[in-house]
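Peer 1: Submitted below is the structure of interest, expressed as structure tokens.
What follows is calculated from the coordinates using simple rules that are stated; it is not laboratory data. Bear in mind that the values here come from a model prediction, so they are computed numbers and not experimental data. Virtual Cβ from ideal backbone geometry, glycine too; neighbours counted across all protein chains shown.
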Amino acid sequence: MAEKYITREGLEKIRKEFEERKTIIRKEIAGAIKEAKEQGDLSENAEYSSARQRQSENESRIAELEGMLKTIKVTDRKGDSSCVGFGSVLKVKAKNGISMQFHIVGTHEVDPALGRISNESPLGKSFIGKCEGDSIQVSTPSGVMEYEIVSVE
């Protein structure tokens with residue numbers, strides 16, 4: 001199994017969600033189940049069924065987060081700061097003249113709308129190891145895209 005990496009910021013978000021689900025959300029759901037049970041007949045109690053479903057989903061997510069916390073590795077940006085690595089923030093210019101910014105992150109932190117791309121994605125893999133001034137070509141569903149790396153932070 002390939003190792004999964006994450007930034008310190010991403011790790012803190014996972015820890016925060018894990019603790020919130022274990023403490024606050026668990027208590028809220030337990031309270032909802034208790035209230036629903038007090039209404040009587042559970043076989044036709046929609047509130048009870050809904051609360052049990054939420055409980056199941058919450059416990060599944062807790063287990064998933066716990067697994068992530070045990071297996072992911074935090075990595076910091078190291079090496080030549082003018083070349084792209086895990087954690088880099090890079091500004092690029094597409095061949096069509098559009099400028100974009102990407103942040104290379106782990107798979108658990110991806111948010112394309114914010115320019116956060118995985119180090120394991122085709123685009124992320126293409127950028128890793130490249131330096132300011134380098135150009136790359138990436139095959140996408142809409143065709144081959146060409147990018148020039150303008151700056152790396």
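Peer 1: 5 Å is the cut-off here: which amide hydrogens, built 1.01 Å from N in the peptide plane, fall below it relative to D134, excluding neighbours closer than 5 in sequence?
Peer 2: Correct list: I149.
Peer 1: Still on this structure, please answer the following. Count the DSSP beta bridges whose two residues both fall in region 89-152, then state the antiparallel fraction as a percent rounded to the nearest 5.
Peer 2: 85
Peer 1: Given the peptides 54-62, 119-127, arrange them by the average over their residues of other C-beta atoms within 10 Å, most packed first.
Peer 2: Final packing ranking: 119-127, 54-62.
Peer 1: Here's something else I'd like to know. Dipole size in debye (nearest 20) for region 1-132 around its Cα centre, Lys and Arg Cβ +1, Asp and Glu Cβ -1?
Peer 2: For region 1-132, the charge dipole is close to 700 debye.
Peer 1: Quick one: dipole size for region 89-152, taken about the Cα centre, charges +1 on Lys/Arg Cβ and -1 on Asp/Glu Cβ, in debye to the nearest 20.
Peer 2: 100
Peer 1: Same structure again: Which value in deg cm²/dmol, rounded to the nearest 500, describes the helix-derived mean residue ellipticity at 222 nm for the chain, given -39,500 (n - 2.57) per DSSP H run of n ≥ 4 and division by the residue count?
Peer 2: So the calculated ellipticity at 222 nm is -12500 deg cm²/dmol.
Peer 1: Which lysines, on any chain, are close to K95 with Cα under 25 Å apart, when same-chain ones fewer than 8 places away are left out?
Peer 2: Cα-Cα hits under 25 Å: K125, K130.
Peer 1: If you count, for each residue, the other Cβ atoms within 10 Å and average over each peptide, how do 98-111, 23-36 line up from highest to lowest?
Peer 2: 98-111, 23-36
Peer 1: Here is a follow-up. For a protection proxy built on the mean count of beta-carbon atoms within 10 angstrom, sort 146-152, 91-97 highest first, please.
Peer 2: Those peptides, ordered most packed to least, come out 146-152, 91-97.
Peer 1: Per residue, what volume in Å³ does the convex hull of the Cα atoms of region 35-153 enclose?
Peer 2: It is 158 Å³ per residue.
Peer 1: To the nearest whole percent, what portion of all C-alpha pairs in region 12-100 is separated by more than 16 angstrom?
Peer 2: The answer is 69 percent, as a whole percent.
Peer 1: By the scheme Lys and Arg +1, Asp and Glu -1, what is the net charge of all other residues having a beta-carbon under 9 Å from that of I136?
Peer 2: Taking every other residue near I136 into account, the sum is -2.
Peer 1: Quick check: residue separation of R54 and S99 times 0.36 nm, minus the Cα distance between them. What number comes out in nm?
Peer 2: Full-extension gain reported as 12.0 nm.
Peer 1: Right, here's the next one. Provide the percentage of antiparallel DSSP beta bridges, counting only those with both residues in the chain; round to the nearest 5.
Peer 2: Bridges in the chain that DSSP calls antiparallel: roughly 80 percent.
Peer 1: Run the reach check for K4 against aspartates and glutamates, Cα to Cα strictly under 13 Å, same-chain hits fewer than 8 apart removed. What comes back?
Peer 2: Qualifying aspartates and glutamates at Cα under 13 Å: E109, E120.
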